[in-house]
Amino acid sequence: MKVLARPRRWPGVPRTLGMRLLLILAAGLLLAHALSFALLFYERAMATRGMMLAGMAQDVPLSVALLERLSPSERAEWLPQLQRRTYRYLLRPAQPGTPLASERARQVTALVDRSLGHRYALRARAVSRLPERYEVELTLRDGRPLTIEVTPSLLPIARWLPWVLAVQVALLLACAWLAVRLATRPLVQLADAANRLDPAGGGVAMPQDGPLEVAQAARALNALQARVSAHVSERMQILAAISHDLQTPITRMRLRVEAMDDGEAQQRLLADVGQLSQLVREGIQYARSANVALGPTVRLDLPSFLASVVDDYQDMGKPVQLGELAAVALHTHPQVLRRVVQNLIDNALAYAGGAEAGVRIDAAGLVCIDVLDNGPGIPEASLEAVLQPFHRLESSRGRQTGGTGLGLAIAQQLTQALGGRLRLANRDTGGLRATVELGTAQPTRASAD
Amino acid sequence: MSHTDHILVVDDDRDIRQMVGDYLRKNGLRVSLAADGREMKAALDTSDVDLVVLDVMMPGEDGLSLCRNLRAGKHRAVPVVLLTARDDETDRIIGLEMGADDYVTKPFSSRELLARINAVIRRTRMLPPNLQVSEAARLIGFGQWRLDTSSRHLLDEQGTAYPLSGAEFRLLRVFVDHPQRVLSRDQLLNLTQGRDAELFDRSIDLLVSRLRQRLGDAAKEQAYIKTVRSEGYVFCQPVVLLGDPA
């Protein structure tokens, strides 16, 4: 399959679509928010300044006139009452400073001058730039200095405003996260469904509700699954039908060969017919193993189960031994499990000439049935491949040992049908270990044999 | 022996029918051939048949329903060996439930078929019909055990299944078919010969001890299988037919 080259990654860009969407949305929303707040503050600054100027135009002449009337000794008492938020009156000359720097300061000075009817000589000095502070000095009629100290500042921000801002941002982020989740979750579900897709048709169908695009994708995936499973089951049916129809001619051949005179030719033909019939038999088994009829489960005592399988082999004179037997029982389908174990033992007998079967509980608490042999094992690279149907190792004595290449594939399919897993591994001591991992163990009868 | 067993071979394939017939005749049996259910009924009505070899996959009425009808009709005592096309547990179970006595899987060898025929005839001769109890029931109870005859395992009181090997099952089956009756080692050997009779070389004594172990029957107590000195063995538990497993 062609895999598209992965696009070059930008360092620092998150990998997941969800994260990226969230980042874009959050950045955009925060930026827009900041902009509107900046505008708001600007507007507010303009408004407060206008108010201050208007206030000063009325207030300054009044205050100056009042101070003129008061005797110098009374003036200090009145100062606090004349004081405003952005300016106050001081009974001293202006501090030395630089000439006014800002246009605003000059405007204010001009305004004061106008409101006083140009009757006073004003000397304006900027005292500090940050925070801006400037002083406008005039001389009262009695010769005493009066200084208006102006400290322009915005109206203070309400204490709750940052909190409102924080809540708003949090709300926006939450909405962005929700939207991103809504958009990306169906993708995750689709990927999950695609992973679970079972060629045999046992997979779970995607729910076809939800947003339109998601429903469309789900429908498409379900249709794909249906097509795949129809294709697979059709092939299985063809395989089963061919295998089945072959049995009558093979039976005829076999009977005919047996009726021949004894001889080498007859023996060879019999061997050929035997191989043919084994292939047909296992072909049917494989075709059926994809959707084997399981029937009800039974609580199965595994030591007795393995003993019965091994005894059958021993009764036929085959070198099969019992290994470790943990006392466990399990709800399963005995006939199907029997076929799995038989196929593994048959494989061991074919390639290693002997087998040992046992049951144990692994570290994860799973019941494991092991079939061990002392044969040549399987190269690590082929451990997965030998579970494929009709796969045979190149070096194997395949046909001479009577293998069809289907035994392990059947065992694998049936193990999956049982909800278990088939693993192959080479043993440290040489030979192969085939492990059927089943469910978790159940305690067995206390008074076991 | 003056009596020659008469075998009726029912198969829709002419070549198979004839070749099987030829082989059986060559081995001293009397053989009739039938191509379908109609011919089979005609042959059963006109002559004494000792055993029917019946193909499962036939056009028209198939072997399974023929077998079931045979068991329901007047020829119910005639043993049947099925020729099944598929080596599958469910086919075997269905076949045996339909009343077949044994089965051979296609493609079979004529020698294998002959061995099955002889074993079934020998078995039915040895058993008076009224003692073939387990044929009828899928579940047989005795002592603290139940025997599931189709799945071939023992069930304990909790319903846990303890599978039996083929030889153990056949031996136990013979015992529960003949409770309270002393069976000689020869009888047991004959009755328990399985599908791989030639290879079966364990002595009956060994098999009995293995079965006792499976039943949890201590050699001292012998609650299930008693040894009768110099005669053989007897199954000493009463046997109850329970029908289908719950």
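Taking the stated definitions as given, is residue A:274 surrounded by fewer than 18 Cβ atoms within 10 Å (Cβ to Cβ), on the phi > 0 side of the Ramachandran plot and out of contact with any strand residue (DSSP E or B) (no Cβ under 8 Å at 6 or more places or on another chain)?
Numbers: surrounded by fewer than 18 Cβ atoms within 10 Å (Cβ to Cβ): yes; on the phi > 0 side of the Ramachandran plot: no; out of contact with any strand residue (DSSP E or B) (no Cβ under 8 Å at 6 or more places or on another chain): yes.
So residue A:274 fails the test.
Among the residues of the stretch A:156-163, is any out of contact with any Pro (no Cβ under 7 Å at 6 or more places or on another chain), β-branched (Val, Ile, Thr) and either part of a helix (DSSP H, G or I) or in contact (Cβ under 8 Å) with a residue 24 or more places away in the chain (or both)?
Initial filter on the stretch A:156-163 (out of contact with any Pro (no Cβ under 7 Å at 6 or more places or on another chain)): A:156-163.
Still in the running and β-branched (Val, Ile, Thr): A:157.
Next cut, either part of a helix (DSSP H, G or I) or in contact (Cβ under 8 Å) with a residue 24 or more places away in the chain (or both) only: none.
Within the stretch A:156-163 (the criterion being out of contact with any Pro (no Cβ under 7 Å at 6 or more places or on another chain), β-branched (Val, Ile, Thr) and either part of a helix (DSSP H, G or I) or in contact (Cβ under 8 Å) with a residue 24 or more places away in the chain (or both)), the answer is no, since none of the residues qualifies.
Residues that are more than 11 Å from chain B (Cβ to nearest Cβ) and more than 21 Å from residue A:406 (Cα to Cα) within the stretch A:250-286 comprise A:260, A:261, A:262, A:263, A:264, A:265, A:266, A:267, A:268, A:269, listed in sequence order.
Scanning the stretch A:115-138 finds one or more residues that are part of a helix (DSSP H, G or I) and assigned by TED's automatic domain parsing to the domain that holds residue A:43.
Checked against (1) under 30 Å from residue A:178 (Cα atoms); (2) surrounded by 13 or more Cβ atoms within 10 Å (Cβ to Cβ); (3) modelled with pLDDT of 85 or more, residue A:28 passes all but a single condition, namely (2).
Cβ separations smaller than 6 Å between residues 6+ apart or across chains give the following pairs from the stretch A:207-235 residues that are surrounded by 13 or more Cβ atoms within 10 Å (Cβ to Cβ) to residues that are assigned to a helix (DSSP H, G or I): A:208/A:215; A:208/A:218; A:208/A:219; A:214/A:186; A:217/A:190; A:221/A:193.
In this entry, residue A:138 passes the filter for residues that are at pLDDT 85 or above and more than 58 Å from the chain's Cα centre (by Cα).
Looking only at the stretch A:361-375, which residues are crowded, with 19+ Cβ neighbours inside 10 Å and in a strand (DSSP E or B)? Listed by number, the residues that qualify are A:367, A:368, A:369, A:370, A:371, A:372. Residue A:394 meets each of the listed conditions (1) in a loop (DSSP other than H, G, I, E, B); (2) at pLDDT 90 or above apart from (2).
Filter the stretch B:17-30 down to the residues that are within 14 Å of chain A (Cβ to nearest Cβ) and in contact with an Asp or Glu (Cβ under 8 Å, 6 or more places away or on another chain), then identify the one that is surrounded by the most Cβ atoms within 10 Å (Cβ to Cβ). Reasoning before the result, please.
In the first step, residues of the stretch B:17-30 are kept if they are within 14 Å of chain A (Cβ to nearest Cβ); the result is B:17-27.
Then drop every residue that is not in contact with an Asp or Glu (Cβ under 8 Å, 6 or more places away or on another chain), which leaves B:17, B:20, B:23.
Details: B:17: 19, B:20: 25, B:23: 19.
For the stretch B:17-30, the residue satisfying everything is B:20.
Under the condition of being closer than 16 Å to residue B:17 by Cβ and at the interface with chain B (Cβ under 7 Å from one of its Cβ atoms), which residue from the stretch A:240-249 is surrounded by the most Cβ atoms within 10 Å (Cβ to Cβ)? Among those that are closer than 16 Å to residue B:17 by Cβ and at the interface with chain B (Cβ under 7 Å from one of its Cβ atoms), it is A:247. Residues that are in a strand (DSSP E or B) and touching a residue at least 60 places away in the same chain (Cβ under 8 Å) were ranked within the stretch A:139-155; the one that is surrounded by the fewest Cβ atoms within 10 Å (Cβ to Cβ) is A:149. Anything in the stretch B:70-86 that is buried (at least 17 other Cβ atoms within 10 Å of the Cβ) and over 16 Å from residue B:120 (Cβ atoms)? List them, or say none. Hits for the stretch B:70-86 are B:85, B:86.
The values are calculated or read from the model by the stated rules, or taken from the named source; none is laboratory data. Small disclaimer: the values here were computed from a predicted structure and weren't measured. Note: ideal-geometry Cβ built from the backbone for every residue, glycine included; neighbour counts use all protein chains shown.
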